[in-house]
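The values are calculated or read from the model by the stated rules, or taken from the named source; none is laboratory data. Everything numeric here is computed off the predicted structure, so don't read it as measured data. Methodologically, a virtual Cβ is constructed for each residue, glycine included, from the backbone with ideal geometry; neighbour enumeration extends over all protein chains shown. In case anyone asks, the SASA skips ligands and DNA or RNA and just uses the protein heavy atoms, side chains included. Shrake-Rupley method; radii C 1.70, N 1.55, O 1.52, S 1.80 Å.
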Amino acid sequence: MSTQAKPSNPLKAVRGTRDLLPPETALWNRVESVARNVFSRYGFGEIRTPIFEDTQLFARGVGEETDIVSKEMYTWSDGERFDKEALLDWWVRNHPLKPIGYGREDAPFDLSLDPPDGPRQLVAFASHLTSQMMASYAAINAPTFPRREDLDEYLDKGDSTDLGEVLDRGRYVKAIKRLVIASPVPAKPEEWVDDGFVIEYVFGNFNKSSQSLTLRPENTAGVVRAYIEHKLDARGDLQKLFYIGPQFRRERPQRGRYRQFWQIGVEVLGPVSSGSESPLRDAEVLEMLATLLDELGVRGWRLELNSVGSSDDRKRYNVALCEALAPVKDRLCEDNQRRAETNPLRVLDSKEPNDQDIINALPKIADFLDADSTAHFQAVLAALDACGVPYTVNPRLVRGLDYYTRTTFEFTVPDGSGLGTQNALLGGGRYDGLSEMLGGPKAPGIGFAIGEDRLILTLQAQAEANKPGAPHLDSEMWVPKLDAYIAPMGVERNPAALALARELRRAGLSVEVGDGTFRLKKSFEAADKSARHIVILGEDELASNTATVKTFATGEQVRVERSELAKLLRSESTPD
Ligand code: AMP
């Protein structure tokens, strides 16, 4: 049933979601275009995967014990629909009536019955009762009630196969004696007579769902699923993919944390022969991120990285961690006690101040890495050193998702960058076993996801803090002024103004058109706000094929030939 919002209580965007409006969207576009530009210089191509996927993908890929999968996903049963067969079977089992035949799939009844103490009946099964359905079933009492002889004729035959030969659906409807309606609301079954036929309510869940679907909480699993599905490994080379799009997590909303948020991400993966396991790939991805953040103008970013080793290293570490946690677990906060049970690595992520001493004393994963993992990590660090990318090794950085192996990293920004406690701008790492976890070929890979919302908040806060020192980050920058605002003098000049705008726009200029009803003062105010020039189009100008142009930067006003207009509007100031 639909509810009507009262005018005094207009509907709002759902908690944790928000609208992005101009001029802020110009900053989003700018960020995305810088990212696209950087990615293309590093040989990346764009991938767009669906916003929802089979729930299993995230359960298997991200891990059932992670916070994301265990409590933050938007999951629903898709294609849930009324299971008529189940209701029909249930009904027959629970009634001492003898069915003599089942109706056809598309017939408005489902069963013909031979009750011991009355005439034969047709029964229909439905999932709910709508007024429309009521009206059509109620036709049983309408003047067009089918001729009794028609009805009796086939009921008397008692041969269900004949039913299929009666093609007039209207006659079936009118023959129904009983309507059985399933309702999922638990209550006592009830039955009443309406318009001469019996309506029977049956409570129970007679729905079947075809598939469990989930709004993607992250994009790596979807990209790897696509890699497997499209057999990208058969191409033999390294796949360098990027994506930009919304992700969904049911988290407690706060500044920098939303339920729908955007990520800009990258995945590099391929068969081992493509070099996908090489530490060079890790270093290249990190160096690219440093370049991207620098080109965007993010200041003070910090790269923290660590190695969580191979899955074997992690298994050994997990055992040691569990042993070390056992005697101290009771002293941890409730959340960490739960993590110690379900996903001990996550305890290391905890920011709970009272638990820090205990956590710092826990074993370090670095002591459990085998020779290969250690050498891999050292090679990543050496390549970063060679490129001059600064970093800090953080032995506690393990990250929340199950699929990470070897290199894991985060970029954070300093306090006061607009993110509050949510100071992780982006995170990522290597996931050498993910493709196999999802049933695909061996395809080691590495990737990251930037929280675009947080990136924007950072850029805005840093620009704000530095005013007027960072003019290139001012919001004005993202919304450049239009080249011209055309002011028609009087409504008769409107068509000519639109025609002029068309001509100029086709010549590549950005143009706004006012309206002939505006007073000149209003046109000037609107033009000054949005454009570099105002073009006045009056009777004189049209008659002489000229235009009057004022350039706001200089205050100069000139009359020019129409043929010279585009050139003048393109120039930064009026020519001498
Ligand atoms: P993750 O996929 O959890 O590694 O997150 C990668 C990045 O996405 C984080 O560093 C954040 O910048 C961003 N992010 C994650 N969750 C949210 C959220 N609920 N709201 C806004 N940004 C988020």
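Assorted remarks:
- Selection from the range 275-312 of residues that are hydrophobic (A, V, I, L, M, F, W, C) and under 20 Å from A386 (Cα atoms): L280, A283, V285, L286, M288, L289, A290, L292, L293, W301, L303, L305
- Of all residues making up the range 276-299, the number that are more than 30 Å from P441 (Cβ to Cβ) and open to solvent by 50 Å² or more (accessible area, probe 1.4 Å): 3
- Test: residue in the range 372-379 that is open to solvent by 40 Å² or more (accessible area, probe 1.4 Å), assigned to a loop (DSSP other than H, G, I, E, B) and free of Cβ contacts under 8 Å to residues at least 40 places away in the same chain: no
- Residue satisfying all of: in the range 343-360; touching a residue at least 24 places away in the same chain (Cβ under 8 Å) and part of a loop (DSSP other than H, G, I, E, B); most open to solvent (accessible area, probe 1.4 Å) among these: K351
- Residue within the range 433-456 that is more than 23 Å from E72 (Cα to Cα) and within 12 Å of the ligand (Cβ to nearest atom) present: yes
- Only a single item in (1) touching a strand residue (DSSP E or B) at 6+ places or on another chain (Cβ under 8 Å); (2) within 30 Å of L434 (Cβ to Cβ); (3) not polar (S, T, N, Q) is not met by K84, and it is number (2).
- Subset of the range 381-399 that is within 15 Å of the ligand (Cβ to nearest atom) and among the hydrophobic types (A, V, I, L, M, F, W, C) - its residue that is surrounded by the fewest Cβ atoms within 10 Å (Cβ to Cβ): L397
- The range 324-342: number of residues that are open to solvent by 40 Å² or more (accessible area, probe 1.4 Å) and either of a type in the set (G, A, S) or at pLDDT below 90 (or both): 5
- Residue count, the range 223-250 (criterion: more than 25 Å from N29 (Cα to Cα), open to solvent by less than 40 Å² (accessible area, probe 1.4 Å) and within 16 Å of the ligand (Cβ to nearest atom)): 1
- Here the helices (runs of 4 or more DSSP H) wholly within the range 7-116 that include at least 1 residues being within 28 Å of Y227 (Cβ to Cβ) and within 16 Å of the ligand (Cβ to nearest atom) are 24-41, 55-58, 67-71.
- Residue list for the range 38-67, filter: more than 30 Å from N343 (Cβ to Cβ) and in contact (Cβ under 8 Å) with a residue 24 or more places away in the chain: V38, F39, Y42, G43, F44, G45, E46, R48
- Output for the range 312-323, where each listed residue is open to solvent by 30 Å² or more (accessible area, probe 1.4 Å) and free of Cβ contacts under 8 Å to residues at least 60 places away in the same chain: D312, K315, R316, N318, V319, C322, E323
- The strands (runs of 3 or more DSSP E) located wholly in the range 473-576 that include 3 or more residues which are of a type in the set (D, E, K, R) and at pLDDT 95 or above occupy 556-561.
- For the range 257-276, the criterion of being part of a loop (DSSP other than H, G, I, E, B), without any contact (Cβ under 8 Å) to a residue 24 or more places away in the chain and not hydrophobic (A, V, I, L, M, F, W, C) is met by none of the residues.
- Within the range 413-424, the set of residues being more than 8 Å from the ligand (Cβ to nearest atom) and open to solvent by 10 Å² or more (accessible area, probe 1.4 Å) comprises P414, D415, G416, G418, G420, T421, N423.
- Residue match in the range 163-180 (condition: in contact with a Ser or Thr (Cβ under 7 Å, 6 or more places away or on another chain), modelled with pLDDT of 80 or more and not charged (D, E, K, R)): no
- Counted residues, the range 181-222 - those being at pLDDT 80 or above and basic (K, R): 2
- Filtered by the rule that a residue be without any contact (Cβ under 8 Å) to a residue 60 or more places away in the chain and either within 18 Å of S373 (Cα to Cα) or crowded, with 16+ Cβ neighbours inside 10 Å (or both), the range 425-443 gives a lone residue, G427.
- Qualifying residue in the range 400-412 (condition: open to solvent by 20 Å² or more (accessible area, probe 1.4 Å) and away from the ligand (no atom under 14 Å from the Cβ)): yes
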